[in-house]
Structures are given as structure tokens and as C-alpha cells.
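First the structure, in the form of C-alpha cells, and then the observations on it.
The values are calculated or read from the model by the stated rules, or taken from the named source; none is laboratory data. From a predicted model like this one, the values you see are computed outputs, not experimental measurements. Backbone-built Cβ (ideal geometry, glycine too); neighbour counts: all protein chains shown. Side chains included, ligands, DNA and RNA excluded: accessible areas come from the protein's heavy atoms. Shrake-Rupley method; radii C 1.70, N 1.55, O 1.52, S 1.80 Å.
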Amino acid sequence: QVQLVESGGGLVQAGGSLRLSCAASGRGVSNYAMGWFRQAPGKEREFVASISRSGGATDYVDSRKGRFTINRDNAKNTVYLQMNSLKPEDTAVYYCAARSSSLGSRFTFQYDYWGQGTQVTVSS
């Protein structure tokens with residue numbers, strides 16, 4: 001199995017940028033497709049982006065395509081989420097997840113492992 005630890009969250013002003021990292025230990029991240037999800041207070045956890053095991057295929061929610069970029073460095077066992085032009089509505093706890101498949105998914109139930117999350121707060 002794999003253990004996932006997110007980092008890079010924090011407080012940023014609207015229009016700013018953050019890069020989240022998801023470091024894996026145990027079984028290498030190269031064995032998994034990876035996803036980023038987020039959960040705002042009082043809301044369900046929602047899909048943000050995913051990347052295939054090879055890194056060749058990515059998927060984003062349309063409203064965030066162009067602002068967010070997911071990539072991975074399998075040699076470093078790390079997956080990243082670059083977030084630009086942040087908005088107050090992007091405020092949430094961001095989670096990374098690993099799926100025992102070659103392709104990512106938009107559905108939480110299709111992921112096998114989850115990190116503890118990192119808080120992102122965007123002020124107006």
C-alpha cells in the first residue's frame with residue numbers, strides 16, 4: 001500500500017498561486033493513477049484533477065481547466081497541483097488520492113488511498 005502526505009497549502013490572496021505537493025511512501029506512486037479532490041466546509045468532497053499512471057493523460061473539471069495543472073514526478077514519488085488565479089471559492093481542504101489503475105477517475109469511491117489533506121484559504 002501507499003501512504004500519502006499533502007503539503008503546500010496556506011493562506012493566499014485572490015489572484016495568487018499555490019503549488020500543492022503529494023508525497024508518497026511505501027509502494028511507489030508510479031503504480032497508481034493519482035487525483036486531487038477538495039472539500040469545503042459543509043460540502044461534499046469534489047473532484048479537482050487527475051493524472052494517469054504514466055502522466056500522459058490528465059483530466060480537470062472544466063471550470064478549473066487553465067487555472068490548475070496536475071503533474072507528477074515518479075522518480076520523486078510526488079504529485080503536484082499548481083493552482084493559479086486563485087479565487088475565494090477555491091478555499092477548501094485539498095486531498096490527494098491514489099487509484100490502483102492506469103487511469104484516473106472523477107469519483108472518490110474509485111480511489112484506494114487518501115492523504116490527510118492540506119488547507120487552502122483564499123482571501124478576497
Somewhere in the range 116-123, is a residue crowded, with 21+ Cβ neighbours inside 10 Å and either without any contact (Cβ under 8 Å) to a residue 40 or more places away in the chain or not β-branched (Val, Ile, Thr) (or both)?
-> no
Would you check which residues across the range 45-65 are open to solvent by 20 Å² or more (accessible area, probe 1.4 Å), among the polar types (S, T, N, Q) and in a strand (DSSP E or B) and list them?
-> Thr58
Among the numbered conditions (1) among the polar types (S, T, N, Q); (2) assigned to a strand (DSSP E or B); (3) in contact (Cβ under 8 Å) with a residue 60 or more places away in the chain, tell me where Ser105 comes up short.
-> (2)
So, in the range 29-44, of the ones that are within 17 Å of Leu4 (Cβ to Cβ) and among the small types (Gly, Ala, Ser), which residue ends up surrounded by the fewest Cβ atoms within 10 Å (Cβ to Cβ)?
-> Ser30
Give me a count of the residues in the range 59-76 that are touching a strand residue (DSSP E or B) at 6+ places or on another chain (Cβ under 7 Å) and within 23 Å of Gln1 (Cα to Cα).
-> 3
Given the conditions (1) closer than 17 Å to Gln1 by Cα; (2) touching a residue at least 40 places away in the same chain (Cβ under 8 Å); (3) open to solvent by 60 Å² or more (accessible area, probe 1.4 Å); (4) not charged (D, E, K, R), which single one is not true for Val79?
-> (3)
Examine the range 84-94 for a residue that is within 11 Å of the chain's Cα centre (by Cα) and either in a strand (DSSP E or B) or free of Cβ contacts under 8 Å to residues at least 60 places away in the same chain (or both), and state whether such a residue exists.
-> yes
Could you check Arg64 against (1) touching a residue at least 12 places away in the same chain (Cβ under 8 Å); (2) at positive phi and say which number it fails?
-> (2)
Would you confirm whether any residue within the range 25-35 is touching a Gly at 6+ places or on another chain (Cβ under 6 Å) and either over 19 Å from Ser105 (Cα atoms) or without any contact (Cβ under 8 Å) to a residue 24 or more places away in the chain (or both)?
-> no
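Conditions (1) in a strand (DSSP E or B); (2) closer than 15 Å to Leu81 by Cα; (3) in contact with a Pro (Cβ under 7 Å, 6 or more places away or on another chain), marked per residue:
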position	(1), (2), (3)
Gln3	yes, no, no
Glu6	yes, yes, no
Leu11	yes, no, no
Gly16	no, yes, no
Leu20	yes, yes, no
Ala23	yes, yes, no
Ser30	no, no, no
Met34	yes, yes, no
Lys43	no, no, no
